[in-house]
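The numbers here are math on the coordinates, done by the rules we state, and not lab data. Since we're looking at a predicted model, the values are computed, not measured. In this analysis, Cβ positions are derived from the backbone assuming ideal geometry, glycine residues included, and neighbour counts consider all displayed protein chains.
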Amino acid sequence: MAFGLPVAYVYNPLDYARKMHAQYLERYGRGRKEVVLLGMNPGPWGMAQTGVPFGEVSAVRDWLRLDAPVGRPRHEHPRRPVLGLACSRREVSGQRLWGWARDTFGTPPRFFRRFFVANYCPLCFLEAGGRNRTPDKLPADERESLFAACDEALRQLVECLQPRWVIGIGRFAETRAHAALHEVDVAIGRIPHPSPASPTANRNWAAQATAQLTALGIRLSGSARREE
C-alpha cells in the first residue's frame, strides 16, 4: 500500500518488532477468549516501540514481562526513533489500559484467561513534523484498501479466539468492528479511548471503562480473587 502526504512515514511494528509481537501472541493469545478489546492503531510511544498493542514500555517490561529484541523501521522519523524497551517516553493510553488490567485482575494470566487486547490497524502513520495521524484521517481511497485488509485480519482474529464480545476502545474501533463483523455471531460494544487528548478519558478513565463493561454484562468485580 502507498500513503501520500501529509503522511511522510509509516511504521509497521509487525515487521521490525515481530519477535516481541510474536512473544505477546504466544504467551497471551492461546485459547478461546471471552472478550477482545480492540484499539485503533499503534501510537508512536506505544506499540510502535514495543510491538504490543497499547504497549507502554513499563507495562510491557514490568507487568507483561515481555522481553525481545526490537529492530528499526527502514524509513524512520528523526524525532520519532524506535528504541524498543529503551524508550524513555511514556504512552498515557497504554499506562491507563494496562494499569486498569493490573488493578482489576492482578496478574496477566488472570486477565488473559478471559481477555485479549488487539489493534484494528497495525500501522503507525507520522506526518513530516512528527505528528501522529490516525487511520480515520487518511484520504478515502487510502482508507478503502487499508480497511479491507484490516477487516479481514479482524475476522480471522475473531475466528481464532472465538470471543463472545468485541469491545471497541473508542468509537472508531467500535465502528470498524460493526463493519467487519456484521455477519459474525459476536456481540459488539464500546468503552472510552484512554487517550489524554479526550477530556472524558482524563476523568478517571478506569472507572468509566469498568462501568461500561459492567453495564454490558461483562463480569469484572472480584475477578482476581475468584480466579486465584
Sequence order, the range 64-76: Karplus ³J(HN,Hα) from phi using 6.51 cos²θ - 1.76 cosθ + 1.60, θ = phi - 60°, Hz rounded, Gly and Pro as x, gives 6, 6, 9, 7, 8, x, 10, x, 10, x, 5, 10, 10
Connecting every pair of Cα atoms under 10 Å apart in the chain and solving the GNM, the largest mean-square fluctuation among 202, 132, 119 falls on 202
Surrounding charge for residue 58, neighbours by C-beta under 15 angstrom, Lys/Arg +1, Asp/Glu -1, total +1
Long-range share for the chain, i.e. C-alpha pairs more than 26 Å apart as a percent of all pairs, stands at 33 percent
Bridge orientation stat for the range 7-222 from DSSP, antiparallel percent rounded to 5, came to 30 percent
Net charge near residue 171 (other residues with Cβ under 11 Å of its Cβ; Lys, Arg +1; Asp, Glu -1) is 0
To the nearest 20 debye, the chain has a Cα-centred charge dipole, built from +1 on Lys and Arg Cβ and -1 on Asp and Glu Cβ, of 740 debye
Rounded to two decimals, the Debye log10 I(q)/I(0) of the range 52-96 (Cα scatterers, no solvent) at q = 0.29 Å⁻¹ is -1.16
The residues 186, 82, 52, sorted from fewest to most surrounding Cβ atoms within 10 Å, come out as 186, 82, 52
So the angle from the long Cα axis of helix 140-161 to the longest Cα principal axis of the chain, reported in degrees to the nearest 10, equals 30 degrees
With the label point 7 Å along the Cα-to-beta-carbon line of residue 34 and a cut-off under 18 Å to each amide N, the hits in the range 111-129 are 111-118
With Cα coordinates, the longest principal axis of the chain makes an angle with the long axis of helix 205-216, in degrees rounded to 10, of 60 degrees
Measuring from the longest principal axis of the C-alpha atoms of the chain, the long axis of helix 18-28 (C-alpha) lies at a number of degrees, nearest 10, equal to 10 degrees
With R₀ set to 35 angstrom, the calculated FRET efficiency between the beta-carbons of residue 208 and residue 27, to the nearest 0.05, is 0.75
